[in-house]
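Every number in this text was worked out from the coordinates using simple rules, so none of it is lab data. Since we're looking at a predicted model, the values are computed, not measured. A quick note on method: Cβ atoms are made from the backbone with ideal geometry, for glycine too, and the neighbour counts reach across all protein chains shown.
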Amino acid sequence: MILSVENVSLSFGGVKALQEVSFDVEQHEVRAIIGPNGAGKSSLLNVLNGVYHPQSGRITFKEKTFEDMDPRQAASMGIARTFQNIALFKGMSVLDNIMTGRNLKMGCNFLQQALWLGPARREELAHRHAVEEIIDFLEIEHIRRTPVGRLPYGLQKRVELGRALAAEPELLLLDEPMAGMNLEEKQDMCRFILDVNDHYGTTLVLIEHDMGVVMDISSRVVVLDYGRKIADGVPAEIRRNQKVIDAYLGVAH
Amino acid sequence: MLYREAGQFKSSYAEDQQIFPIRQDRVAMALLLLFAFVVVPLVGDQYWLSAIITPFLILSLAALGLNILTGYAGQLSLGTAAFMAVGAFMAYNAELRIPGMPIVGAFVVGGVCAAMVGLVFGLPSVRIKGFYLAVATLACQFFVLWAINRIGWFSNYSTSGVITAQKIEILGYDVVTPAGKYLLTLAIVAVMALAAKNLMRSETGRAFMAVRDMDVAASVIGIPMMRTKLLAFAISSFYCGVAGALYAFCYLGTVEPEAFTLDLSFRVLFMVIIGGVGSILGSFLGAAFITLFPIFLNRGSEWISDAFSIEIQSATVSNLELIIFGGLIIFFLIVEPNGLARLWQITKEKLRLWPFPH
Amino acid sequence: MDVAFFVEVLAGGLLAGVMYSLVALGFVLIYKASGVFNFAQGAMVFFAALTFVSLLERGWNFWLALGVTLAAMVALGMATERVVLRPLVNQPPITLFMATIGLTFVLEGLSQLAWGSQPHGLELGVPDVPMEWLSQGWNINISQFDLFAAFVAGLLVAVLAVFFQKTRIGRALRAVADDHQAALAVGIPLQHIWTIVWGVAGFVALVAGMMWGVRNGVQYSLTFVALKALPVLLIGGFESIPGAILGGVIIGATEKLAEVYLGPMVGGGIESWFAYVVALLFLLARPEGMFGEKHIDRV
């Protein structure tokens with residue numbers, strides 16, 4: 001079990017975003033988090049990587065327990081993520097954006113970099129090599145020098161995935177990776193996600209609205225509604241679970 | 001036709017990452033450097049060297065410093081002149097009080113002191129952003145100037161607060177001629193520009209730009225916010241400090257604190273805006289523009305007043321200068337917010353196709 | 001400690017602060033309605049004061065000169081909106097800020113080109129002398145003019161506050177400041193709104209210019225008064241009209257007190273930077289200013 005969330009509660013002022021949510025994630029699996037809008041899914045992801053600090057509860061990652069996490073700490077421990085509204089650096093090229101994902105692995109200080117020759121140059125080229133592998137994997141070679149701000153939405157999402165992969169994470173959190181994509185783009189993205197899981201062995205936690213995708217690619221599913229967990233199990237069970245159906249259809253409760 | 005990349009294939013990442021990947025660019029740069037280092041000092045007119053070209057180089061360095069902070073790292077600063085002042089006065093003091101200090105060493109001391117001041121006044125940037133930060137840098141500007149004025153030690157207790165920069169001596173040679181000072185300035189600026197370019201295309205540069213574009217995302221992927229911002233302030237102030245030292249030693253000669261007022265900070269900011277935010281080349285283009293512009297205006301008004309026999313007062317000319325200046329800033333911001341550097345880039349792209357339309 | 005002297009210094013500082021607030025008010029108005037940090041406010045104060053005073057010196061009637069200057073400020077506002085703001089409407093705020101820096105230069109040059117660069121004195125009928133009953137009775141010197149300026153500022157603030165909160169136009173202005181696109185979508189005429197705002201800001205600039213003109217004379221250095229308004233804005237927040245007054249008096253008072261009591265210990269001249277350092281320290285405690293809104297970054 002690589003990640004365990006115990007009784008996490010999060011509120012903003014009077015709004016309770018999460019109430020005593022608990023679940024776990026096994027290594028190498030693809031865990032989906034689903035639920036109607038406003039259920040607290042993004043907030044949960046934000047708690048997992050330290051952007052939000054829960055009022056109570058604990059998170060255990062790789063056998064270390066935290067009551068709350070700092071984003072940099074999460075990043076250095078091997079958690080990477082993508083965002084619902086793309087959080088790329090619009091002024092930089094695709095290549096540079098993905099290279100920023102390697103920052104935790106770079107050791108040279110600024111003086112060495114100013115000199116360029118020697119360790120800084122070697123390090124930069126080595127990381128360039130690693131990043132090019134990812135660019136290859138995601139099939140974005142043709143746009144590597146394009147400023148990210150100019151790319152269409154679907155490609156930006158792919159670049160963001162690339163940046164997350166560049167950190168060689170053990171746990172990858174994906175916030176609606178297929179939002180706003182057409183069928184073809186979704187198929188491509190599914191393929192990439194499954195390849196990441198297969199090829200790199202990364203554990204994946206993803207938030208997704210497309211039920212077809214969730215049923216097809218996830219190993220287990222957590223369902224949230226109004227900040228509470230209402231179901232947890234394999235896709236086949238979830239699709240038959242009455243509480244889940246009620247939540248989505250909006251039955252009064 | 002001339003500017004073709006055809007046949008220039010990159011077969012290694014090292015080749016791809018060069019500063020000038022296109023061969024024609026490398027040749028042009030080499031020729032430019034040759035011209036600058038060899039031809040200009042031999043044929044250059046004394047006046048042009050000492051009053052125009054050397055200050056242009058010095059201000060380019062300051063603009064480079066400001067560009068690193070404001071253009072690359074997105075931290076708006078109005079305190080550039082204060083950092084230059086620190087560099088100038090500390091270089092003077094280093095040369096004065098440390099026996100046997102080589103002049104370049106004094107410049108480095110000036111730069112390092114400026115960097116330390118930059119660190120202190122950059123601390124607020126960890127909590128404050130945008131315009132608020134700009135106003136905080138004003139605190140730096142006014143405070144530093146007051147301190148240099150009031151604390152006698154800086155000007156070696158001279159009654160007027162004015163210092164006279166010492167004679168420059170390098171390896172036994174006296175650098176007193178305009179050509180000599182020009183060459184020293186050129187050498188220092190060239191080396192520092194190269195260092196800046198290397199920095200900006202490495203992880204440091206990327207971290208700066210990440211903080212500029214979206215700092216929350218930057219910290220989520222592991223970029224250390226405080227360290228990055230403070231590094232930006234430190235490096236930028238170092239550059240401005242060295243520029244200030246050069247300003248004192250290779251240009252002004254006699255320096256008073258009033259040479260480093262808010263006005264100068266604005267001038268350098270304009271160089272960065274007009275030249276191109278986030279561009280090394282832009283710093284030079286902007287500095288060239290702002291250094292040469294008043295001269296053109298003056299010559300232009302002289303020509304007009306000769307040609308049409310009307311008298312144009314110098315007050316009118318300087319007011320016109322203000323108006324046109326401000327107007328140009330607005331013009332650039334509307335038409336090409338990325339400044340002259342972007343215009344140059346567009347020109348190069350057109351050149352690659354020339355003489356074909358597309 | 002001499003209490004009378006302390007009161008005098010404090011009162012002087014508070015009233016000086018009110019003068020700063022007058023300038024800060026113009027900033028707040030424009031920021032509130034168009035989201036633009038108008039660095040050119042100082043230049044506008046200068047332009048307004050210079051135009052007014054020059055007309056007076058040419059023998060114009062006071063009210064006529066006032067009216068014409070006001071019209072000129074409105075025209076200036078409209079021109080600024082059309083030439084500078086409209087083309088830049090979708091740019092990030094920093095670009096707009098830098099455009100207003102350019103505007104500052106244009107206005108400075110224009111003012112001097114039109115009216116010359118000599119300083120002018122200005123009289124408004126209220127003499128800059130201490131109030132007699134205070135100075136005779138209690139040995140406290142507080143200028144009549146300072147009190148008059150404070151009164152004018154207070155009146156202006158009250159009127160503006162009512163305007164923004166209670167009127168339809170005020171609401172529209174707040175909507176525009178919040179989100180241009182949304183305001184357009186509900187049918188608010190953006191152009192008209194901006195013209196109104198810059199016109200009102202111009203009027204405020206004129207009042208500020210008149211007050212400062214009496215105090216310091218109408219000359220080039222008036223533009224730099226605007227710089228002093230910046231710490232005021234940092235403390236009071238960029239969007240709050242009462243904040244501008246509060247920030248102003250805080251800055252004015254602390255600055256004066258520091259100059260008089262701390263100044264002699266470090267050689268004087270603290271006034272050039274003290275206000276900024278105060279604002280800086282304040283910001284470190286409250287990064288969004290006293291009345292500003294906390295910014296929650298949604299990722």
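According to the square roots a ≥ b ≥ c of the eigenvalues of the Cα gyration tensor, what is the shape class of chain C, taking rounded for a/c under 1.5, prolate for a/b larger than b/c otherwise, and oblate for the remainder? Don't jump to the answer; show the numbers that get you there.
Working: a/c = 1.80, a/b = 1.29, b/c = 1.40.
Note, shape of chain C comes out oblate.
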#### Entry: Qualifying lysines (Cα of each under 18 Å from Cα of A:K62; at least 8 residues distant if same chain)
none
### Summary
Between the residues B:A248, B:L353, B:A217, the Cα farthest towards the positive end of the dipole of chain B, that dipole coming from +1 and -1 charges on the beta-carbon of Lys, Arg, Asp and Glu, is from B:A217
### Message
Could you tell me which residue out of C:G26, C:V277, C:G213 lies farthest along the dipole of the range C:3-285 toward its positive end? Charges go on the beta carbon: Lys and Arg +1, Asp and Glu -1, centred on the Cα centre.
### Response
C:G26
### Query
Do you know the relative contact order of the range B:45-353, to the nearest whole percent, from alpha carbon pairs under 8 angstrom that are 6+ apart?
32 percent
### Set of lysines with alpha-carbon distance to B:K181 below 18 Å, sequence-local pairs under 8 removed
B:K167
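Using the Cα centre of the range B:220-358 as the reference point, and only Cβ charges (+1 on K/R, -1 on D/E), how large is the resulting charge dipole? Debye, rounded to the nearest 20. Don't jump to the answer; show the numbers that get you there.
On the way: 8 positive and 9 negative charges, 174 e Å.
Charge dipole of the range B:220-358: 840 debye, to the nearest 20.
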### Query
Can you list the HN-Hα couplings for the range C:265-270, worked out from phi with the Karplus curve (6.51, -1.76, 1.60; θ = phi - 60°), rounded to whole Hz and with x for Gly and Pro?
6, 10, x, x, x, 5
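State to the nearest 20 debye the size of the charge dipole of the range C:3-285 about its Cα centre, where the only charges are +1 on K and R beta carbons and -1 on D and E beta carbons.
Working: 11 positive and 14 negative charges, 163 e Å.
Around 780 debye, computed over the range C:3-285.
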### Query
Using the Cα atoms as the points, what is the convex hull volume per residue of the range C:1-136 in Å³?
159 Å³
### Sequence-distant residues sharing a close amide H with A:S56 (under 5 Å, placed H)
A:S9
### Query
If you build a Gaussian network model of chain A, linking Cα atoms that sit under 10 Å apart, which residue out of A:R122, A:R72, A:R144 swings the most?
A:R122
### Task
Tally the DSSP beta bridges in chain A and give the antiparallel ones as a percent, rounded to 5.
55 percent
### Message
Return the equivalent ellipsoid semi-axes of the range C:82-127 as a descending list in whole Å, where each equals the square root of 5 times an eigenvalue of the C-alpha gyration tensor.
### Response
32, 14, 9
#### Entry: lysines whose Cα lies under 21 Å from that of C:K228, excluding same-chain neighbours fewer than 8 positions away
B:K129, C:K32, C:K256
### Computed over the range A:96-166: relative contact order in percent, which uses C-alpha pairs under 8 Å that are six or more apart
52 percent
### Message
Below 8 Å between Cα atoms, with a sequence gap of 6+, how large is the relative contact order for chain A in percent?
### Response
27 percent
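For the range B:75-232, what is Rg from Cα atoms divided by 2.2 N^0.38 Å, rounded to two decimals? Could you put the intermediate results ahead of the total?
Details: Rg = 18.3 Å, N = 158, 2.2 N^0.38 = 15.1 Å.
Dividing the Cα Rg of the range B:75-232 by 2.2 N^0.38 Å gives 1.21.
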### Summary
Karplus ³J(HN,Hα) for the range A:170-181 (6.51 cos²θ - 1.76 cosθ + 1.60, θ = phi - 60°; Hz, whole; x = Gly/Pro) runs 8, 10, 10, 9, 10, 9, 6, x, 10, 4, x, 9
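Short version: what are the Cα gyration tensor semi-axes of chain B, square root of 5 times each eigenvalue, largest first, in whole Å? Please report the intermediate quantities before stating the final value.
Details: eigenvalues 192, 155, 108 Å².
For chain B, the ellipsoid semi-axes come out as 31, 28, 23 Å.
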### Dipole-positive endmost among B:A62, B:A82, A:G38 within the protein assembly as shown (Cβ charges, Cα centre)
A:G38
#### Entry: the protein assembly as shown - share of DSSP beta bridges that are antiparallel (%, nearest 5)
65 percent
### Query
Which entries in B:K197/B:K229; A:K16/A:K41; A:K16/C:K166 show an alpha-carbon gap greater than 24 Å?
A:K16/C:K166
### Task
Pick out which of B:D215, B:D263, B:D306 has the largest mean-square fluctuation in a Gaussian network model of chain B, springs linking Cα atoms closer than 10 Å.
B:D306
#### Entry: Zone of A:K105's modelled label, taken as backbone nitrogen in the range A:140-173 under 11 Å from a point 7 Å along Cα→Cβ
A:165-169
### Message
Along the Cα→Cβ direction, 7 angstrom out, place labels at A:R145 and C:E271. What is the inter-label distance in nm?
### Response
5.8 nm
### Query
For the protein assembly as shown, what does the alpha-carbon gyration tensor say about shape, rounded, prolate or oblate, given a ≥ b ≥ c as the root eigenvalues, a/c under 1.5 as rounded, and a/b over b/c as prolate?
oblate
### Query
Which of C:V159, C:V278, C:V204 moves most in a GNM of chain C, Cα contacts under 10 Å?
C:V159
